[in-house]
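Asks: Handing you this structure, nothing more for now.
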Amino acid sequence: MQALDASIPDPPALKLALVAGESSGDQIGAAVLASLFKRGLNLSVQGVGGPALASAGMRCEVSIDALSLRGYVEVIRHLPRLLRLRHRLIQDFRQWPADVFLGVDAPDFNLKLALELKRKAIRSIHLVGPSIWAWRPERKWAMARCVDHLLLLFPFESELYRETGLQTSFVGHPMADQIRFNPDRLAARLKLALQLSPELREAGPRPDGSRWFCLLPGSRSDEIHQHAALMLDAAQQLAIRYRHAIFLLPAASASIHAQLEAIIRSQVRVCAQRIFLVRGDARTCMAASDQVLAASGTVCLEAALIGRPMVIIYRMPELSYRWMRRLQLQPWIGLPNILAQSFVVPELIQSQANPAAMVRALELQWEDEAARGRLEGVFRAIHDSLRCDCASRAASIIESELYRR
């Protein structure tokens, strides 16, 4: 019997440059990277990332915090530093040299970086398309000019890029892979009870029917300023109607927790003992709830994927709203409604987002049991359409691009 040929060569060395923006980009990038490494590639990855990407095997030469900026004023203030960082990354990726560049979200930073690398014959892939389906559709032309392949999270997005000639692939949404549809409500309540208060253990399975609400005013300080007090006023009205109502208020960070704590202390008089401020764990709070009252954002998609009925609100400075309204392409702002192409859940915007209207919308939704059943069917269809093993799909495309190089 002949011995195995020991001269079989190792797989070729491949180099992937990666720049992720925000913690969500760190998480999805890490999942894709883990899937790539499972394929046995002789792969080196370096660039800008956070703790999740570092744990997945990336050499993070620059912290993701360098790109975690919000608002025009903050970006302008840091613009010289961002320009220096982009120039440095271009030089580093060329000298390394990278085979392929992967940008994860952060399009304002990543597209210009991709364009410069493309001019140096480094192919570029971008994961997570900008929301051109909501506003500023002209951005699709910038995307087509800067990148070679765009990986999209929503199935309807590819059609929007057809006229640009850009190669696109729908890979599914990572949250649909992570979230189990309609998780056990009582189990979520018991989990929170152990964390928060013995009183909640009694409130969970009460025979007289307690109502649990999850309040999600936003993840940024300006969103908390716009929405938290209004939501808490609505909670007080609901607490008067339902003496066993429970209100869960997850805080995305320590600073947001402190901000919410101060608002509760200064404003809530009726039901302070029934409002539970939770450090993070928004998904468990949504799973434990009967209904969700949420500021428009990704969290609304999470609530839909969990399968909880919701009311969406949003307020912003009036001048900003008028500007964005002129650029808005669709009548909906909430992702569940955009995906369903219908007002399947109520949206209360600007002055419509007042406590009385919130209570009325929640009550009408709760009283119509047949409509809630139909809504659950819509949410299940959304979950099924987005659950595609996003990380594996994206990794397969990136692997092909690496070998193509």
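Asks: Among Ala361, Ala391, Ala353, Ala381, which is the only one that is more than 20 Å from Pro331 (Cβ to Cβ) and buried (at least 19 other Cβ atoms within 10 Å of the Cβ)?
Replies: Answer to the selection: Ala391.
Asks: Quick one: would you say Asp92 is surrounded by fewer than 20 Cβ atoms within 10 Å (Cβ to Cβ) and at pLDDT below 95?
Replies: Answer is no for this residue.
Asks: Sort out which residues of segment 95-111 are crowded, with 17+ Cβ neighbours inside 10 Å, at negative phi and under 23 Å from the mean Cα position of the chain (by Cα), and write them in order of number.
Replies: Phe101, Leu102, Gly103, Val104, Pro107, Phe109, Asn110, Leu111
Asks: A further question on this structure: The conditions are (1) at pLDDT 95 or above; (2) of a type outside the set (Asp, Glu); (3) surrounded by fewer than 20 Cβ atoms within 10 Å (Cβ to Cβ), and Gln2 fails exactly one of them. Which is it?
Replies: (1)
Asks: Let me ask something else about it. With the checklist (1) at pLDDT below 95; (2) assigned to a helix (DSSP H, G or I) in hand, flag the one item Ile382 doesn't pass.
Replies: (1)
Asks: Here's a follow-up. For segment 46-60, which positions are in contact (Cβ under 8 Å) with a residue 24 or more places away in the chain, within 12 Å of Ala20 (Cα to Cα) and surrounded by fewer than 18 Cβ atoms within 10 Å (Cβ to Cβ)?
Replies: Pro51
Asks: Are there any pairs with C-beta distances below 8 angstrom linking a residue in segment 156-168 that is of a type in the set (A, V, I, L, M, F, W, C) to a residue that is surrounded by fewer than 13 Cβ atoms within 10 Å (Cβ to Cβ), with the two at least 6 apart or on different chains, and if so which?
Replies: Nothing qualifies.
Asks: From Pro183, Pro155, Pro205, Pro137, grab the single residue that is surrounded by fewer than 18 Cβ atoms within 10 Å (Cβ to Cβ) and modelled with pLDDT of 95 or more.
Replies: The unique qualifying residue is Pro183.
Asks: On to the next question. Looking at Asp105, Asp148 in this structure, which one is in contact with a Gly (Cβ under 7 Å, 6 or more places away or on another chain) and charged (D, E, K, R)?
Replies: The match here is Asp105.
Asks: Just give me the residues in segment 258-268 being without any contact (Cβ under 8 Å) to a residue 24 or more places away in the chain and either among the charged types (D, E, K, R) or surrounded by 17 or more Cβ atoms within 10 Å (Cβ to Cβ) (or both), in sequence order.
Replies: Glu261, Arg265
Asks: Just name the residue that is nearest to the chain's Cα centre (by Cα) out of those in segment 166-179 that are assigned to a loop (DSSP other than H, G, I, E, B) and within 12 Å of Glu302 (Cβ to Cβ).
Replies: Result: His173.
The values are calculated or read from the model by the stated rules, or taken from the named source; none is laboratory data. Owing to the predicted nature of the structure, the values given are computational and were not obtained by experimental measurement. A quick note on method: Cβ atoms are made from the backbone with ideal geometry, for glycine too, and the neighbour counts reach across all protein chains shown.
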